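Everything on this sheet refers to the single structure shown next.
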Amino acid sequence: MSDSAVIDVGALTKRYGPTVGVEELDISVAAGEVFGFLGPNGAGKTTTIRCLVGLLRPTSGRVRVLGLDPVADHRRLAPSLGYLPGELRLYPELTGEQTLRLLADLQGAPTPRRAELCERLGLSAADLRRAVGEYSRGMKQKLGLVQALQHDPALVVLDEPSEGLDPLVQETFFALLTEATAAGRTVLLSSHVLPEVQRACGRVAIVRAGRLVTVQSVAALREARARRVRLTFADGAGPRPLGAADAWSPHWRGDRVELLIPPREVVGALRGLLSLPVEDLTVEEAGLEEAFLDLYRTPTEQPEEDS
Amino acid sequence: MKHRYPLLWLALHRRRRMLVALLIGMAVFETLIVVITVTVSPQEIFAGGGRQPPGAFKAFSGSTGDVSIASYPGLLGGGLVHPFWIALQLTVIGSLAAAAVAADVESGTIELLMVRPISRNRLLAERTAALALASVALNAVATAVVAIGVVLSPRLHQAVSLSGVFVAGLLGLAFTLCLAGPALAVSAATSRRAYVIGATISFGAVGFAVNFVALAWSKAAGLRFVSPFHYYTPGDALAHGTIPWGSLAVLTAVGALGTAAAFRLLARRDLAP
């Protein structure tokens, strides 16, 4: 483990009877980092997060958060932790104010940022006087963000944080993330909303079926993965064989075809494609979404990691 | 206002309307029992035709000794082992035992609570305290109503002492704690409130049935020792006014063992929906 690692997970395995939640997962998150955690439903993101915050006991492996064991040292770790669950469940009969006060009482720490956060996220005093059961999903999520951040924790763990937030509030949320990292806080952000991760995170771990696929910087992930190649043919003959490029799952629309080609294969593929009657050609870097989907399509035996 | 015991407050606050309704229900029910007991002579019920009630009917008077339901202590004791009284007690136990752990796990709210700097022991301790407070309140209401009836009626006061009423109330509390312990253990081990409520009802209903069968059928007499109703004897307490220390110890010990098991089970389990 690195001395500066806020989150240090080694060979983490969590099983539920015969079902594997996560297996042999390795992650290290440094102080001040916004770290993305990506994967489809059932990939093991929430299981990992629950191990990090001490709700689940690992079956095997090492979990250290801020140098502490999340289960054994829970009472020492929790004061430094802010957590937004993926499926935020609140007590419907409590008002927003009662909910925040209850959670602050349990936290046992001052809440210097509560008023500011409520104001910036658009939770008015009238909203806070209403029962949470009357809240929309977006309002509940705002309340969830306030309770996770109101005590100004050193480590913030957010599971699907922007679910239900309108675009304006999402902007505020990203501003809060930026401020948190500027203040030296560490953020672990789990999401399947790829643009969110692309925008907020420096590095990202991708998990599939409980296993780590890769840990890379967002930029490197985008750089290392597919190029989107678009071709338009001039002869109006529609879909046709593309030779070796048929291996890259061509998507036809009339005389236009789109392929996602790994960077090292682009030049070779283009040599073959340009022997065809091509009218127009564009090659662009695939977004994180494409990189992400590419990783899911291609089983990876050994996780890759960049520094 | 800052809550010193937020988990206790939460458990009671969320169920405050139900608890108030149960307390009123208990007061009304015991008032009816007292009024009926005062207005109807026990001899008119069973002994008028020269018959005595069957021995197993002692199960309905809360006695394992010599107290017949055809007596004032027996009739008042009947109000303290009546299915309605049992139902009210089981509702409080089942609801608050489920609220201790299982309900929060099932609903997912446990994720908000247990990422705070509080221990699992504190969670269960505050929730156990909430259950104990509700049980104390319910038994206090029942005891107070019966005590007022005894004070106001010379006929009752002649047959039942006030100390007997308070001993019966104490046994009632021990009985509820006896059922609460295992119910808390189920709550600490499961993630479904229905399991806790089902287990609580089973403890109460099966316990009553086993005691009745043991009293009615001599070959099954030994079974009575596994029923909490063998040790919960408000009819005997009302008649004699003495504390049955052995029974009190058994009821309390079962409750304490169940609660201790709950702490142990909670410490070892995962806390996630």
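Below, the figures for the structure above:
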read-out	value
Computed magnitude of the charge dipole of the protein assembly as shown (debye, nearest 20; Cβ of K, R +1, Cβ of D, E -1)	2040
With Cα atoms, 0 to 90° folded angle of helix A:137-149 axis to chain A main axis	70
³J(HN,Hα), Karplus 6.51/-1.76/1.60, whole Hz, each residue of segment B:250-267, x for Gly, Pro	5, 4, 5, 5, 4, x, 5, 5, x, 5, 4, 4, 4, 4, 5, 5, 5, 5
P(r) histogram, all alpha-carbon pairs of segment A:188-290 included - 10 Å bins from 0, percent	14, 39, 25, 18, 4, 0
Residue-averaged beta-carbon neighbours from other chains (10 angstrom radius) around A:78-90	4
Point-to-point label distance, B:A27-B:L223, nm (Cα→Cβ direction, 7 Å offset)	3.9
Per-residue average of Cβ from other chains inside 10 Å of B:104-113	5
Antiparallel %, DSSP beta bridges [both residues in chain A], to 5	65
Volume per residue that the Cα convex hull of segment B:210-250 spans, once the total is divided by residue count, Å³	67
Candidates A:T19, A:T178, A:T186, ranked by Gaussian network fluctuation over chain A, Cα under 10 Å, top entry	A:T19
Semi-axis lengths (Å, descending) of the ellipsoid that matches the C-alpha gyration tensor of segment B:166-260	24, 17, 10
Shielding by partners - mean other protein chain Cβ count within 10 Å, residues of B:114-127	5
Computed P(r) (all Cα pairs; the protein assembly as shown; 10 Å bins; percent)	3, 15, 19, 17, 14, 12, 9, 5, 3, 2, 1, 0
In nm, spacing of pseudo-spin labels at A:A244 and B:A267 (7 Å Cα→C-beta vector)	6.6
For chain A, fraction of C-alpha pairs farther apart than 37 Å, in %	27
Mean Cβ count within 10 Å, highest first, over the residues of peptides B:180-193, B:215-228	B:180-193, B:215-228
Bridge type composition, the protein assembly as shown - antiparallel percent by DSSP, nearest 5	65
Most mobile listed residue (B:R127, B:R14, B:R116) in chain B, GNM with C-alpha springs under 10 Å	B:R116
Mean separation of Cα contacts under 8 Å (6+ apart) over length of chain A, as relative contact order %	19
Stokes-Einstein D in µm²/s, Kirkwood radius over Cα pairs - chain B at 37 °C with 0.692 mPa s viscosity	171
Gain in span if fully extended, B:V206 to B:A253, counting 0.36 nm per residue against the direct Cα distance	15.0 nm
13 Å reach of a label modelled at A:T13, 7 Å along Cα-to-Cβ, counting backbone N of segment A:45-64	A:58-62
Protection proxy ranking, peptides A:208-217, A:67-76, average beta carbon neighbours within 10 Å, highest first	A:208-217, A:67-76
Percentage relative contact order, segment B:119-204, counting C-alpha pairs under 8 Å, at least six apart	24
Computed helical MRE - 222 nm, the protein assembly as shown, DSSP H runs ≥ 4 contributing -39500 (n - 2.57), nearest 500	-16000 deg cm²/dmol
Linear extension gain, B:A260 paired with B:F84, 0.36 nm per residue minus alpha-carbon span	60.4 nm
Net +/- balance of residues flanking A:T46 in space, Cβ distance below 14 Å, scoring K and R +1, D and E -1	-2
Estimated FRET transfer efficiency when R0 is 30 angstrom, pair A:A209-A:E285 (beta carbons, to 0.05)	0.65
Gain in span if fully extended, A:H192 to A:D26, counting 0.36 nm per residue against the direct Cα distance	57.8 nm
Fraction of beta bridges assigned by DSSP in segment A:153-219 that are antiparallel (%, nearest 5)	55
Efficiency of FRET from Cβ geometry, A:R230 and A:E265, R₀ 25 Å, rounded to 0.05	0.95
Rel. contact order, % - alpha carbon contacts under 8 angstrom, at least six apart, chain B	27
Along each principal axis, Cα extent of segment A:119-172, largest first, Å	30, 23, 19
Radius 12 Å from Cβ of A:G184, net charge of other residues (Lys, Arg +1; Asp, Glu -1)	-2
For segment A:1-148, fraction of C-alpha pairs farther apart than 27 Å, in %	33
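Every number here is computed from the coordinates shown, using simple stated rules; none is lab data. Here the structure is a predicted model, which is why all the values come from computation and not from measurement. No Cβ is skipped: glycine too gets one built from the backbone with ideal geometry, and neighbour counts run over all protein chains shown.
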